[in-house]
Amino acid sequence: MAAPLVRVMRRPMSGRMISTAAALFRRAAPLGPLPNEQFEGKNLEFLKKYRSFKRYKKVAEAEMNKPVWWKTYRQYLQPTDDGVPEKVDIGLPYLTPSLTELKKARMKIWKDNQSNTELERAARHRTLHIPLDEVRAEWEQTCGPHHIQRVAEHYGVYKDLFGDATFVPRVALHIQYNSEHDTVMPVYYGNLVTPSEATVAPEVTFDAQEDSLWTLLFTNPDGHLRDTGSEYVHWLVGNIPGNQVLSGEEICHYFPAFPANGTGYHRYIFILFKQEERIDYREEMRPNPCHSLKLRTFKTLDFYRKYEQKITPGGLAFFQCRWDESVTQVFHQLLNMKEPIFEHQFPPRYHPPQKKFPHGQPLRYLDRYRNSDEPTYGVY
């Protein structure tokens with residue numbers, strides 16, 4: 001006979017019972033007010049209307065700029081580390097133009113083009129020529145400096161030269177290397193220039209007032225042979241009156257680019273500083289000619305900190321350069337030293353001992369062991 005079923009009665013726990021599902025879905029109190037919390041429980045039909053889209057846009061932009069306690073969508077896409085210090089702007093002061101004035105000027109240009117019959121006729125006959133010089137000049141005065149700053153940040157120019165500081169290059173630098181064959185090699189913002197094209201000092205021009213003073217620096221942060229944190233100064237000219245670079249005080253004469261063999265591309269950077277007054281650069285003077293790499297060891301950040309109260313960076317241009325045959329002549333003739341070569345030397349290919357009866361081997365098995373400089377067909 002089966003034993004009877006006995007129901008065991010459990011005593012309830014003291015206090016209120018909370019189910020597992022309720023505990024998992026229990027929400028904590030928010031850290032601050034939620035969006036649109038002020039409209040909860042109100043009749044939206046009788047709220048004050050904005051009456052125009054401009055008023056609504058103005059209020060919406062003000063609310064968008066207010067700090068919130070939750071993460072925004074942009075913060076999720078671009079997470080930032082709180083420990084990273086913000087970039088310090090050490091550039092020239094700049095007064096942001098009025099957007100209304102810019103819109104009026106562009107509208108005036110648009111209306112003038114619409115009423116110009118000759119321009120319309122040239123566009124229909126496909127004979128219209130766009131003045132690229134005028135377009136480039138307008139780009140340099142409007143959005144060009146910010147584009148140059150982003151390119152320089154991408155190449156790590158500010159990080160390697162100025163640390164945690166940055167600046168917007170407000171002064172447009174026009175640099176070009178003139179060769180003997182009547183060819184011109186311009187310097188932009190990361191373009192490739194060979195060492196044979198950069199053997200002599202370039203032609204540097206920029207817009208400046210006649211009574212202003214400038215300092216031009218040409219440095220290489222990637223080419224130091226002993227200290228990776230140091231640079232080689234290739235050209236330094238101070239107290240430049242206006243834009244007359246040749247009339248300035250040459251502190252360190254021009255030295256050609258010499259990227260070592262096997263070190264890849266080097267960044268050669270031009271920095272233009274605006275001076276508040278005339279500076280005594282006797283402590284920075286190098287002998288002329290200066291063919292000593294020890295005397296050319298340089299740090300842009302130390303130079304800027306030393307004359308921080310008197311100079312302000314305003315212009316920037318740089319190019320990339322890698323080794324060619326002219327670098328060998330620079331090391332041998334100017335520096336009077338053996339050229340360093342940074343290349344990996346691969347060990348000789350290993351061949352197992354030769355077999356007298358190589359069964360199951362490739363047809364050209366004996367080519368591995370023959371003593372000849374003739375090229376073999378394929379890799380074995």
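The values are calculated or read from the model by the stated rules, or taken from the named source; none is laboratory data. The structure displayed is predicted, hence computed values, not measured ones. In this analysis, Cβ positions are derived from the backbone assuming ideal geometry, glycine residues included, and neighbour counts consider all displayed protein chains. Just the protein is used for accessible areas: all its heavy atoms, side chains included, with ligands, DNA and RNA removed. Shrake-Rupley method; radii C 1.70, N 1.55, O 1.52, S 1.80 Å.
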- Task: Return the total of residues in the range 248-262 being in a loop (DSSP other than H, G, I, E, B), among the aliphatic types (A, V, I, L, M) and either more than 19 Å from residue 221 (Cα to Cα) or over 24 Å from the mean Cα position of the chain (by Cα) (or both).
- Result: 0
- Task: For the range 266-296, name all the residues that are open to solvent by 50 Å² or more (accessible area, probe 1.4 Å), at pLDDT below 95 and not in a loop (DSSP other than H, G, I, E, B).
- Result: 282, 283
- Task: For residue 102, indicate whether it is in contact with a Lys or Arg (Cβ under 7 Å, 6 or more places away or on another chain), open to solvent by less than 100 Å² (accessible area, probe 1.4 Å) and among the aliphatic types (A, V, I, L, M).
- Result: no
- Query: In the range 297-313, which residue that is part of a helix (DSSP H, G or I) and of a type outside the set (Ser, Thr, Tyr) is surrounded by the most Cβ atoms within 10 Å (Cβ to Cβ)?
  - Reply: 303
- Of (1) in contact (Cβ under 8 Å) with a residue 40 or more places away in the chain; (2) within 22 Å of the chain's Cα centre (by Cα), residue 213 fails just (2)
- strands (runs of 3 or more DSSP E) fully within the range 198-247 counting 1 or more residues that are aromatic (Phe, Trp, Tyr): 213-220, 231-241
- Quickly run through the range 156-169 and pick out the residues that are open to solvent by 50 Å² or more (accessible area, probe 1.4 Å) and in contact (Cβ under 8 Å) with a residue 60 or more places away in the chain. 160, 164
- Query: For the range 143-155, which residues satisfy the criterion of being open to solvent by 70 Å² or more (accessible area, probe 1.4 Å) and either farther than 15 Å from residue 167 by Cβ or within 8 Å of the chain's Cα centre (by Cα) (or both)?
  - Reply: 150, 153, 154, 155
- Item | Options 59, 6; residue that is β-branched (Val, Ile, Thr), farther than 30 Å from residue 170 by Cα and modelled with pLDDT of 80 or more | 59
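Only one of these is crowded, with 20+ Cβ neighbours inside 10 Å, aliphatic (A, V, I, L, M) and either out of contact with any Asp or Glu (no Cβ under 7 Å at 6 or more places or on another chain) or closer than 20 Å to residue 273 by Cβ (or both): 172, 201. Name it.
172
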- Message: List the residue pairs whose Cβ atoms are under 6 Å apart, where the first residue sits in the range 362-375 and is open to solvent by less than 100 Å² (accessible area, probe 1.4 Å), the second is at pLDDT below 80 and in a loop (DSSP other than H, G, I, E, B), and the two are 6 or more positions apart or on different chains.
- Response: 367/376; 368/380
- Message: Here is a list: 342, 346, 318. Which entry is within 30 Å of residue 215 (Cβ to Cβ) and of a type in the set (Phe, Trp, Tyr)?
- Response: 318
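From the list 366, 316, which residue is over 52 Å from the mean Cα position of the chain (by Cα) and outside any loop (DSSP other than H, G, I, E, B)?
Among 366, 316, only 366 is over 52 Å from the mean Cα position of the chain (by Cα) and outside any loop (DSSP other than H, G, I, E, B).
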- Which listed residue is among the hydroxyl-bearing types (Ser, Thr, Tyr) and in contact with a His (Cβ under 9 Å, 6 or more places away or on another chain), from 297, 312, 328: 297
- How do the pairs read when you match residues in the range 85-96 that are surrounded by 15 or more Cβ atoms within 10 Å (Cβ to Cβ) with residues anywhere that are part of a loop (DSSP other than H, G, I, E, B) and among the basic types (Lys, Arg), using Cβ under 8 Å and keeping only pairs 6 or more apart or on different chains? 91/170; 92/170
- Does the range 15-56 hold any residues that are of a type in the set (Phe, Trp, Tyr), modelled with pLDDT under 75 and surrounded by 10 or more Cβ atoms within 10 Å (Cβ to Cβ), and which are they? none
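Looking only at residues that are of a type in the set (A, V, I, L, M, F, W, C), in contact with a Ser or Thr (Cβ under 9 Å, 6 or more places away or on another chain) and modelled with pLDDT of 90 or more in the range 89-128, which one is farthest from residue 143 (Cα to Cα)?
That would be 90.
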- Note on the structure: Within the range 326-359, residues in a helix (DSSP H, G or I) and open to solvent by less than 70 Å² (accessible area, probe 1.4 Å) come out as 326, 327, 328, 330, 331, 334
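What are the residues in the range 205-246 that are among the small types (Gly, Ala, Ser), open to solvent by 20 Å² or more (accessible area, probe 1.4 Å) and closer than 27 Å to residue 294 by Cα, if any?
229
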